[in-house]
Amino acid sequence: GELVFMPNGDRSSWYAVALYNRVESDLEPEPYETVTGHVGHVLRTNIRLTAEFTYDISAEESRFLLGFVSGF
C-alpha cells in the first residue's frame, strides 16, 4: 500500500509518502514485511532532496537514507 501527501497538489515543493510492503511466497522461507516513511523536497522540476526511514518487520532491522535525485 502507498499513501502520498502533497499539500498543494502538483505545485507542492515538498511531499510525504507512507509505504507498506508484504510479500508471501512459496519460494522464500519467510514472509517479507516493511513499513517506510519518506519525505522529499523539490528544488527544481527534475531535482529533489529526500529522506527515508524503513523498518523491516520480518528481520527487525531499520535503515535511514538521505538522497539527492536528479533526472535529465
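In Å², and per residue, what accessible area does the chain have when probed at 1.4 Å with the other protein chains present?
Solvent-accessible surface per residue comes out at 79 Å².
Keeping every protein chain in place, order V42, V17 by accessible area at 1.4 Å, biggest value first, i.e. largest first.
V42, V17
Give me the Kirkwood hydrodynamic radius of the chain, using the inverse of the mean 1/r over all pairs of distinct Cα atoms, in Å to one decimal.
Answer for the chain: a Kirkwood hydrodynamic radius of 13.8 Å.
Given a 10 angstrom Cα cut-off, can you work out which residue in T45, T54, T34 is the most mobile in a GNM of the chain?
Of T45, T54, T34, the Gaussian network model singles out T45 as fluctuating most.
Kindly report, to the nearest 10 Å², the accessible surface of D10 as traced by a 1.4 Å probe over protein heavy atoms only.
In the full protein context, D10 sits at about 140 Å².
When only C-alpha pairs under 8 Å and at least 6 residues apart count, what is the relative contact order of the chain, in percent?
Once normalised by length, the contact order is 23 percent.
Using +1 at the C-beta of Lys and Arg and -1 at the C-beta of Asp and Glu, which of P7, F53, V23 has the Cα lying farthest in the positive direction of the dipole of the chain?
P7
With all protein chains present, how much of the accessible area of the chain (probe radius 1.4 Å) comes from carbon and sulfur, to the nearest whole percent?
Here it works out to 56 percent.
The values are calculated or read from the model by the stated rules, or taken from the named source; none is laboratory data. Just so we're clear, the structure is a prediction, and the values are computed from it rather than from any experiment. A quick note on method: Cβ atoms are made from the backbone with ideal geometry, for glycine too, and the neighbour counts reach across all protein chains shown. For the accessible areas, the whole protein counts, side chains as well, though only heavy atoms, and no ligand, DNA or RNA atoms are used. Shrake-Rupley method; radii C 1.70, N 1.55, O 1.52, S 1.80 Å.
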